[in-house]
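Enquirer: One structure coming up, written as structure tokens, with questions to follow.
Each value in this text was obtained by applying a stated rule to the coordinates, not by laboratory testing. This is a predicted model, so every value here is computed, not measured. Neighbour counts run over all protein chains shown; Cβ positions are idealised from the backbone, glycine included.
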Amino acid sequence: MEIDTDLLIIGGGTAGCLAAVEAKELDPDLKVTILEKAHIERSGCLAGGINAINVYIHEGESPESYVRWARWYAMGLLREDLALTMAREINKAIEKVEKWGLPIPKDDKGRYLRRGRWGIHVFGESIKPILAKAVKNAEVDVYNRVVVTNLLTKREKVIGAVGFGVRNGDFYLVRAKATIVATGGAAGLYKPKNDGEAHHKIWYSPFNTGTGYAVGIRAGAEMTSFEMRFNAIRIKDVNAPIGTIAVGFNAPVINSKGEKFMQKNYAHLGGEAAPTPLRVHGPMEEIRNGRGPCYIDTRRLNDKDLRRLKEEYLDEYPTLVLYLASNGIDLKNRFLEIYGTDPYIVGGHCNAGYWINTDRSTTLEGLYAIGDVAGGASSKFVGGCFAEGIIAARAAVDYICNKNALEEVDPELVDKERYRTFAPLWRYKEGRHGPTPKEMELRLQKVMDEYVGGVHQFYLITEKGLEIAKIEIKALKEQAENLIARDLHELMLAHELIDRLDVAEVLIHHLLYRKETRWPGFQDRVEYPHLDDKNWLVFVNSRKNPKTGEIEVFTRPYEQIVPGDRYNP
Amino acid sequence: MLTIVIHHEKCTGCKGMKEPLCVKLCPGDLIMIKNEKSFIRDPGDCWDCMACVKSCPYGAIETKLPYELGYKDAHLIPKRKGKIIVWELVYSDGRREVFERQVRL
Ligand SMILES: Cc1cc2nc3c(=O)[nH]c(=O)nc-3n(C[C@H](O)[C@H](O)[C@H](O)COP(=O)(O)OP(=O)(O)OC[C@H]3O[C@@H](n4cnc5c(N)ncnc54)[C@H](O)[C@@H]3O)c2cc1C
């Protein structure tokens, strides 16, 4: 299948949907195309719904005050230019989605109901169908069940993308005047906390497997801050978000002795509201030092609160509610345990992702990155992803109007990409032997957990471990040349695995490079346990040379734009 | 116990539809039709987003926690009614709670 389009959007999720509609609004004559691996009605992080939009600039706050907070939350290192441009668009973006049909409760003065300093409550069970409908109304061309496998480039310029139809087995060749990548972050890099039939009960969407990063890495795009992993503190077993209880109901966390250890140990850093890495580090240290399990203390919640708590989880993470019922848990006399999750790479929570400009253009001409796949501006969440979609659409439309031509694609490149896309399936059909994606997944996750600071190692990262992992991942990448896929679904799993290997390799390089511990809980470098602003108040960036395959790691300066103490919100 | 259970006495395979909603919407591409019934390819790969459960016109799909995570029998049944969704929660001891949530403006 060959498609020519003005604007190509890879991934019809939170950020991708906003970008698509914005582009059509700016120029209804543009042809805007979304390639989506699942079906946009229920794909990506928002598949199950949400109960809050984090990041809204409330009355009395400003983009600058948001940046001060987000910078502190990221332990003093943030792309302030990105955070500022995003914050300026967030409120308008949310109001737009409200008009599309998202119910948002308001107070008697008509203001959105606050959840914490930066959030608002929403009735978001159907947020994804609502976004999908807006995309449809805007007459965007959506191709569902198309798995993108690579970008098409010509002399460092992105000229489209390729993929395959997981239903029809077609090869998709898309030529575009501009491309926006919006495929979300990467899950499944590490051994999860649960086994067997529960292995996908992880917090981040297990179907976002880092493709957006991987296609950029392979094409030579610059990446930033992969070492700022996202290890989340969540309700143990089901890995449900805890913000709903902790922020929504102001419930403290306690250790097995009943001590409010966050308030005790981290008072100077915000206590219960300390930056997220510390909120992971705190409980994990308690558990590691024999003061676990740790709990979220719901004692103060009355019957009405407990009912509202369940309602809110039904909008976002219904499994938690089923978990209560399936284990006979009554929150009045039993607390919920908390624990860390497997580590993820997620630009919406941390700084990991594409190195971008304020217009969301990447280091490759013609390519833009938004949402969880874009780096530098952590703490963007849903509101920030919306805003980035709008910003990138504007820039991409501008770019299309100024340089109005599709590029010819070299037929040799097309053959090469077609082979690369279908090789695991063809190998199987030829009767060749090789590992299956699931076998390789287990190996990858084991290596990453054991040598690259997985949750089972309390996230601790050692130099020696990283060196071993480097060798192991290299070996796995060689093995991946023999991967087999028995059907189209497994072909998708094969590409997810290949993409995660590329992400894992870059992650290890980043972790090795930063010789300090800036984010305890996310990036605990055993040999370098302290924060070191003198040497490391910089971004660690990387670029894989597409010709040699070498990964070059280097630094980029941090620039303070909003004045003030970086360690104070 | 599985992560989703497809009650085959209720599942009609949505004959006549190009793609049954459960097959169409699963973000992990996990559901397929065999002999006019829906099946999950690999129960362990389910994320519990409940897209299939909410969309099934016959109420034939139910989310169940794997035994590892929830060992008592309980039910959580969503039903979409216009602009609201009604959730019925049945505890292992038979206690029942009903919740109503707005989902559209
Ligand atoms: C369980 C959970 C709950 C959350 N709750 C909240 C909340 O209440 N409030 C809040 O503000 N934030 C919340 N967040 C964070 C927020 O949801 C994310 O930061 C945001 O949705 C990410 O948007 P995105 O567009 O980058 O990714 P997504 O919305 O996940 O979109 C990525 C899209 O790309 C597609 N894709 C992936 N790979 C390919 C490929 N190879 N080819 C084609 N398409 C592909 C995916 O299918 C998906 O549709 C939550 C996150 C999770 C995981």
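Enquirer: Give me, ordered by chain and number, the residues 5 or more places off A:Ile9 or on other chains with an amide H under 5 Å from its own placed amide H.
Expert: A:Thr33, A:Ile34, A:Leu35, A:Ile180
Enquirer: In deg cm²/dmol, rounded to 500, what helix-only [θ] at 222 nm does the protein assembly as shown give when every DSSP H run of at least 4 residues adds -39500 (n - 2.57) and the total is split over its residues?
Expert: Taking each H run of at least 4 residues, the total per residue is -10000 deg cm²/dmol.
Enquirer: I want to check the label-to-label distance for A:Glu439 and A:Asn568. Put each point 7 Å from Cα in the C-beta direction and report it in nm to one decimal.
Expert: Calculated label separation equals 5.9 nm.
Enquirer: Amide H to amide H under 5 Å from A:Ile3: which residues, 5+ apart in sequence or cross-chain, H placed 1.01 Å off N in plane?
Expert: Under 5 Å from the amide H of A:Ile3: A:Leu173, A:Val174, A:Arg175.
Enquirer: Then there's this: Could you run the Karplus curve 6.51 cos²θ - 1.76 cosθ + 1.60 with θ = phi - 60° over the stretch A:15-20 and give me ³J(HN,Hα) per residue in whole Hz, x for Gly and Pro?
Expert: These are the phi-based 3J(HN,Hα) values: 6, x, 5, 5, 5, 4 Hz.
Enquirer: Let me ask something else. Please compute the length gained on full extension between A:Thr358 and A:Gln263, using 0.36 nm multiplied by the number of residues separating them and subtracting their Cα-Cα distance.
Expert: Taking A:Thr358 through A:Gln263 to full extension adds about 30.5 nm, to one decimal.
Enquirer: Here is a follow-up. When the label point is put 7 Å from the Cα of A:Asp487 along its Cα-to-beta-carbon vector, which residues of the stretch B:1-44 have a backbone N closer than 11 Å?
Expert: B:30-35, B:39-42
Enquirer: I would also like to ask the following. What do you get when you divide the Cα radius of gyration of the stretch A:233-340 by 2.2 N^0.38 Å, with N the number of residues?
Expert: After normalising by residue count via 2.2 N^0.38 Å, the value is 1.02.
Enquirer: Something else: Positive end of the charge dipole of the stretch B:3-102 (Lys, Arg +1 and Asp, Glu -1 on Cβ, about the Cα centre): tell me which of B:Cys52, B:Ile77, B:Gln102 has its Cα farthest that way.
Expert: B:Gln102
Enquirer: Just check chain B against the gyration tensor rule for me: Cα atoms, a ≥ b ≥ c as the square roots of the eigenvalues, rounded for a/c under 1.5, and otherwise prolate or oblate depending on whether a/b exceeds b/c.
Expert: It comes out oblate by the Cα gyration axes.
Enquirer: Further question: Identify which of B:Gly28, B:Gly44, B:Gly82 has the largest mean-square fluctuation in a Gaussian network model of chain B, with springs joining Cα atoms closer than 10 Å.
Expert: B:Gly82
Enquirer: Compute the Cα gyration tensor for the stretch A:135-177, then decide on rounded, prolate or oblate, letting a ≥ b ≥ c be the square roots of its eigenvalues: rounded whenever a/c is under 1.5, prolate when a/b is larger than b/c in the other cases, and oblate in all that remain.
Expert: Oblate shape, in that a/c is at least 1.5 and b/c is the bigger or equal ratio.
Enquirer: Among the lysines, which fall within straight-line cross-link reach of A:Lys474, defined as a Cα-Cα distance under 19 Å, with same-chain neighbours fewer than 8 residues apart omitted?
Expert: A:Lys191, A:Lys438, A:Lys446, A:Lys464, A:Lys544, A:Lys547
Enquirer: Name every cysteine in the protein assembly as shown that ends up alone, with no second cysteine's Cβ under 4.7 Å, or say none.
Expert: Isolated Cys, the protein assembly as shown: A:Cys17, A:Cys45, A:Cys294, A:Cys350, A:Cys385, A:Cys401, B:Cys11, B:Cys14, B:Cys26, B:Cys46, B:Cys49, B:Cys56.
Enquirer: Taking a 27 Å limit on the Cα-Cα distance, which of the listed pairs A:Lys236/B:Lys37; A:Lys136/B:Lys24; A:Lys177/B:Lys18; A:Lys133/A:Lys416 fall beyond it?
Expert: A:Lys236/B:Lys37; A:Lys177/B:Lys18; A:Lys133/A:Lys416
Enquirer: If you place +1 on the Cβ of every Lys and Arg, -1 on the Cβ of every Asp and Glu, and leave all else neutral, what size is the dipole of the protein assembly as shown about its Cα centre, to the nearest 20 Debye?
Expert: Rounded to the nearest 20 debye, it is 1280 debye.
Enquirer: Another question about this same structure. Quick one: which of A:131-141, A:308-318 comes out on top by average Cβ neighbours within 10 Å, and what's the full order, highest first?
Expert: So the peptides A:131-141, A:308-318, ranked by packing, come out A:308-318, A:131-141.
Enquirer: Would you please give the residues with an amide H less than 5 Å from that of B:Arg80, counting only those at least 5 places away or on a separate chain, with H modeled from the backbone geometry?
Expert: Sorted by chain and number, the residues that satisfy this are B:Val86.
Enquirer: Most exposed first by the Cβ proxy, i.e. fewest other Cβ within 10 Å, how do B:Met17, A:Met492 rank?
Expert: Starting with the residue having the fewest Cβ neighbours, the order is B:Met17, A:Met492.
Enquirer: Another question about this same structure. For chain A, what is the percent of antiparallel DSSP beta bridges, rounded to the nearest 5?
Expert: Beta bridges within chain A, antiparallel portion: roughly 65 percent.
Enquirer: Pop out the ³J(HN,Hα) list for the stretch B:10-20 in order, Karplus 6.51 cos²θ - 1.76 cosθ + 1.60 with θ = phi - 60°, rounded to Hz; leave Gly and Pro as x.
Expert: 9, 6, 9, x, 6, 3, x, 7, 4, 8, x
Enquirer: For A:Phe554 paired with B:Glu36, estimate the spin-label separation in nm (one decimal), with each label point 7 Å from Cα along the Cα-to-Cβ line.
Expert: Between A:Phe554 and B:Glu36, the simple spin-label model gives 6.5 nm.
Enquirer: Averaging sequence separations of C-alpha pairs under 8 Å and six or more residues apart, then dividing by the length of the stretch A:233-340, give the relative contact order as a whole percent.
Expert: With pairs under 8 Å counted, the relative contact order is 37 percent.
Enquirer: Here is a follow-up. Within the stretch A:404-441, list the residues whose amide N lies under 19 Å from a label point set 7 Å along Cα→Cβ of A:Glu478.
Expert: Those under the cut-off are A:433-436, A:440-441.
Enquirer: Taking N as the number of residues in chain A, what value does Rg over Cα atoms divided by 2.2 N^0.38 Å take?
Expert: Expressed relative to 2.2 N^0.38 Å, the Cα Rg reads 0.92.
Enquirer: On to the next question. Order of A:Ser65, B:Ser38 from fewest to most other C-beta atoms within 10 Å?
Expert: A:Ser65, B:Ser38
Enquirer: How high is the relative contact order of the stretch B:3-102, in percent, counting Cα pairs under 8 Å that sit 6 or more residues apart?
Expert: RCO, the stretch B:3-102: 24 percent.
Enquirer: With charges set only on the Cβ (+1 for Lys and Arg, -1 for Asp and Glu), what does the dipole of the stretch A:415-532 come to about its Cα centre, in debye to the nearest 20?
Expert: In debye, rounded to 20, the stretch A:415-532 gives about 240.
Enquirer: What aspartates and glutamates sit close enough to B:Lys34 to cross-link, taking a C-alpha to C-alpha distance under 13 Å and skipping anything fewer than 8 places away on the same chain?
Expert: Filter leaves B:Glu19.
Enquirer: Is there a quick way to get the dipole size of the stretch A:178-247? I mean about its Cα centre, with the Cβ of Lys and Arg at +1 and of Asp and Glu at -1; what is the value in debye to the nearest 20?
Expert: That gives the stretch A:178-247 a dipole magnitude of about 100 debye.
Enquirer: Restricting the calculation to Cα positions, tell me the Rg (one decimal) and the Dmax (whole number) of the stretch A:404-524 in Å.
Expert: According to the Cα coordinates of the stretch A:404-524, Rg and Dmax are 17.7, 52 Å.
Enquirer: Using alpha-carbon pairs under 8 Å, 6+ residues apart, how would you state the relative contact order of chain A in percent?
Expert: Worked out over chain A, it gives 22 percent.
Enquirer: Here is a further query. When a/c reaches 1.5 or more, the comparison of a/b and b/c decides; with that in mind, is the stretch A:96-196 rounded, prolate or oblate per its Cα gyration tensor?
Expert: Prolate, since a/c reaches 1.5 and a/b exceeds b/c.
Enquirer: Give a residue-ordered list of calculated ³J(HN,Hα) values for the stretch A:224-236 (Karplus: 6.51 cos²θ - 1.76 cosθ + 1.60, θ = phi - 60°; whole Hz; x for Gly, Pro).
Expert: My calculation for the stretch A:224-236 gives 10, 6, 4, 5, 8, 6, 10, 10, 9, 8, 9, 5, 4 Hz in order.
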